[in-house]
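Step one of this worksheet: look at the structure below.
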Amino acid sequence: MPRDTASAEALLKDIFGFDGFRPGQGEIVEAVARGENVLAIMPTGGGKSLCFQLPALMRGGITVVISPLIALMRDQVRGLREAGVAAGALTSGNTQEETDAVWDMLQQGTLKLLYLAPERLANGGTQRMLSQAGVSLIAVDEAHCVSQWGHDFRPDYLRIGELRRALDVPLAAFTATADAETQEEIVTRLFDGVAPSTFLRGFDRPNIHLAFQAKDGPRQQILSFAGARKGQSGIVYCGTRAKTETLAQALRSEGHSACHYHGGMEAEDRRAVEERFATEDGLIVVATVAFGMGVDKPDIRWVAHADLPKSIEAYYQEIGRAGRDGAPAETLTLYGPEDIRLRRTQIDEGLAPADRRDADHGRLNALLGLAEALGCRRQALLGYFDEQAEPCGNCDLCDSPPEVFDGTEAVRKALSAALRTEESFGAGHLIDILMGKMTDKISARGHDNLPTFGVGKDLSKGQWQAVFRQMMGHDLMRPDADRHGALVMTDRALPLLRGEDTIQLRRDAVVRATERRPAVK
Ligand code: ADP
Ligand code: ZN
């Protein structure tokens, strides 16, 4: 049977050696093979490459595959060749011999899959070559790289839409990034705004244990988490470059094998860390988000966040690097008021247009909602991706449900303290007012004369800190970046202030605070 008409199942078995499709793969393969424009959103490890490799064999002509990851392209080309498929790559890593071989196959019309680094699209010669090569499909891997507001943005990805128009062939775009804005940007830039057939594959990664903790001696929290997993490969994500270095040092002095990784390092040093991580057992990489795309080690046993990620999508993607082999994996995400302040400031001071900034605040809110969740975290996480789920039994809140209390009155007192001081102060000063502390700052401003002064003596300082953190988590108050983190009430707090709504807060942090210092109650 000629290959062009062979059935997908037969090729799946004969060429790739798989007995069946993974969930979602079959429909995507069919749509791409039929020549539809396709956007497929699949979690990392879901089996995206098959979804364009197989249709490439079913269709006549050449499939052009655009990917930002040279090492991954080379792996795929090698794998395809071993399976007897005519594949080649044009990347900066090519030897002249490899390039010549690709051109030969192109001229003879035998090439089926041509992998291209995006930089190649800037070259007029490449465009001319492609327009004469008999291209019948464009596949774009890591399609979110077209999004200007993501940290994986690749300017050359903006040329792909132009290429599609010039060749007038179907395009299949793949990404693991699930958020709606990025999808919209992909549709605008790759498909000229005409909605492609869209496939969203399940996002649950049931083998990954989810856990959050409020920061409370964060370095020690990370050291004990790692200490309980000695000898296992793990990643610690940090908010700053400097912290990757100090934390890696701290881990080493506890006897771990650990190294740091960030975008400020020489390319050579970064590659050395990637190489070690891929080949060594039990190495911990302490990194910024620069360590990510292209990390495809299947047996990463744990991922910890020493600082809060920037959004719920970033969180999902970062923890998703753990346990790709399907075996149990653990995660821990730390967060505190400083993180919330930092993330808000980054959004407010970023270059994104106003509507994008609002969306970013929303995605941060979603992550904070997950951090302060009262029930199963997986349910909350999947709910954000519009998936229904039962309580999972594999998150910290399923393991031990949090105790909640009616926090309405505490929240009202806190809001009132902020409003009566013109929303000009941070949590520390507001807590001093609530607790009736005579500090210099309080007497200098006459804040001991406020009706709110001392109305919060029933809670300890730690308890109030937990209340303020949860208020920021519920987006009832936001730090004002222009005024050194002064807390400003948001519209969301109005119903509570007016007595039209109540709020449940988690007591866990509060209980911890009272353990360290006797309750004032
Ligand atoms: P992604 O790009 O989505 O992260 P890959 O395409 O690299 O994932 O696939 C992940 C792994 O799953 C690869 O090792 C691949 O060989 C394997 N795989 C893909 N499809 C199937 C299938 N239908 N049956 C078995 N294994 C598969
Ligand atoms: Zn759960």
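What follows draws every value from the coordinates through simple rules; no lab data is involved. Everything quoted here is computed from the prediction, not taken from an experiment. Ideal geometry is used to build each Cβ from the backbone, glycine not excepted, and the neighbour counts take in all protein chains shown.
Computed quantities for the displayed model
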| quantity | calculated |
| --- | --- |
| Volume per residue that the Cα convex hull of the chain spans, once the total is divided by residue count, Å³ | 166 |
| Hz values of 3J(HN,Hα) by residue in the stretch 271-288 - Karplus curve (6.51, -1.76, 1.60), Gly and Pro given as x | 4, 4, 5, 4, 5, 4, 4, 5, 9, 8, 8, x, 8, 9, 9, 9, 9, 8 |
| Nearest-20 debye value, the chain charge dipole, Cβ charges on Lys, Arg, Asp, Glu | 1100 |
| Cα centroid separation - the stretch 182-228 against the stretch 380-417, whole Å | 19 |
| Amide H within-cut-off set for His209, under 5 Å, with H built and near neighbours excluded | Ala329, Glu330, Thr331 |
| Separation between Cα centres of the stretch 280-346 and the stretch 128-177, rounded to whole Å | 28 |
| 3J(HN,Hα) from dihedral phi, the stretch 443-452, Karplus parametrisation 6.51/-1.76/1.60, rounded to Hz, x for glycine, proline | 5, 4, 9, x, 6, 6, 8, 6, x, 7 |
| Size of electric dipole in the stretch 324-389: Cβ of Lys, Arg +1 and of Asp, Glu -1, about Cα centre, debye, nearest 20 | 40 |
| Residues of the stretch 251-277 with amide N under 15 Å of a point placed 7 Å along Cα→Cβ from Asp299 | 277 |
| FRET efficiency estimate (nearest 0.05) - Cβ-Cβ, Leu351 to Ala444, R0 45 angstrom | 0.70 |
| Two-site FRET efficiency, Trp103 against Gln249, from Cβ-Cβ distance with R₀ of 51 Å, rounded to 0.05 | 0.55 |
| Hits among lysines - C-alpha to C-alpha of Lys13 under 27 Å, sequence gap 8 or more where chains match | Lys48, Lys112, Lys297 |
| From phi via Karplus (6.51, -1.76, 1.60), per-residue ³J(HN,Hα) for the stretch 381-389 in Hz, x at Gly/Pro | 5, 5, x, 4, 8, 6, 10, 7, 7 |
| Under 28 Å from Lys461, Cα to Cα: lysines that are on another chain or at least 8 residues apart | Lys215, Lys243, Lys310, Lys413, Lys437, Lys441, Lys521 |
| Length gained when the stretch Ala180-Glu119 is fully extended (0.36 nm per residue, less Cα-Cα span) | 19.3 nm |
| Computed label-point distance, nm, for sites Ser224 and Arg276 using a 7 Å Cα→Cβ extension | 2.8 |
| Electrostatic dipole magnitude of the stretch 163-252 [Cβ: Lys, Arg +1; Asp, Glu -1; Cα centre; debye, to 20] | 640 |
| Simple label model, 7 Å out from Cα along Cβ direction - Asp14 to Thr198, nm | 3.7 |
| Dipole of the chain, positive direction: furthest Cα of Phe16, Leu342, Ile41, with charges on the beta-carbon | Leu342 |
| For the chain, share of DSSP beta bridges that run antiparallel, in % to the nearest 5 | 15 |
| Mean residue ellipticity (222 nm) of the chain, computed from DSSP H runs ≥ 4 via -39,500 (n - 2.57), nearest 500 | -12500 deg cm²/dmol |
| FRET efficiency, 1/(1 + (r/R0)^6) with R0 22 Å, evaluated for Glu82 and Arg22 via beta carbons | 0.55 |
| Positive-pole candidate from His429, Gly446, Ala414, dipole of the stretch 410-449, charges at beta carbon | Ala414 |
| Residue list for the stretch 98-116, given a label point 7 angstrom along the Cα-to-Cβ vector of Ile70 and an amide N cut-off under 20 Å | 98-103, 114-116 |
| Other-chain or far-sequence residues with amide H under 5 Å of Ala172's (modelled H) | Val38, Ile138, Ala139, Val140 |
